[in-house]
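Novice: Attaching a single structure in structure tokens format; questions to follow.
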Amino acid sequence: QVQLVESGGGLVQPGGSLRLSCAASGSILGINPMAWYRQVPGKVRELVAEVTATGRTNYGGFVKGRFTISRDNAKNTVYLQMNNLNPTDTAVYYCNIVIRFTDYWGKGTLVTVSS
């Protein structure tokens, strides 16, 4: 079993910043790809950012340099620093880890960008 626990969501004003964290625990061997996705009700879950086992990163097209994904392998933790947030970033953000071709998901953390 693998557990993912996200934290750091909340309400922020447009132009503000948030840092999300996701700690993975359980049956984890080695370093595995991790990612952040987000979903708005009625829409498809979309990739926000991903980081491979070797540290390569990839971002969704809407990020445009505003977000940074990073990881602490010793803690099995992935972070998402989000800057210059706007109302269209409002969504539930989900943490993802892929272990032996199996996807595991956290329960999500809500990010609301509003004045």
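Nothing in this text is a laboratory measurement; each read-out follows from the coordinates by a stated rule. What you see is a predicted model, and the numbers here were worked out from it, not measured in a lab. Methodologically, a virtual Cβ is constructed for each residue, glycine included, from the backbone with ideal geometry; neighbour enumeration extends over all protein chains shown.
Novice: Lysines near Lys43 by alpha-carbon distance under 22 Å, same-chain residues fewer than 8 away left out - which ones?
Specialist: Hits, sequence-local ones excluded: Lys64, Lys107.
Novice: If Lys and Arg each add +1 and Asp and Glu each add -1, what is the summed charge of the other residues whose beta carbon sits under 15 Å from the beta carbon of Asn32?
Specialist: +1
Novice: Here's something else I'd like to know. For the range 25-35, just list the computed ³J(HN,Hα) in residue order, Karplus coefficients 6.51, -1.76 and 1.60, θ = phi - 60°, integers in Hz, with x standing in for Gly and Pro.
Specialist: So the Karplus estimates, Gly and Pro as x, are 8, x, 7, 10, 10, x, 9, 10, x, 10, 7 Hz.
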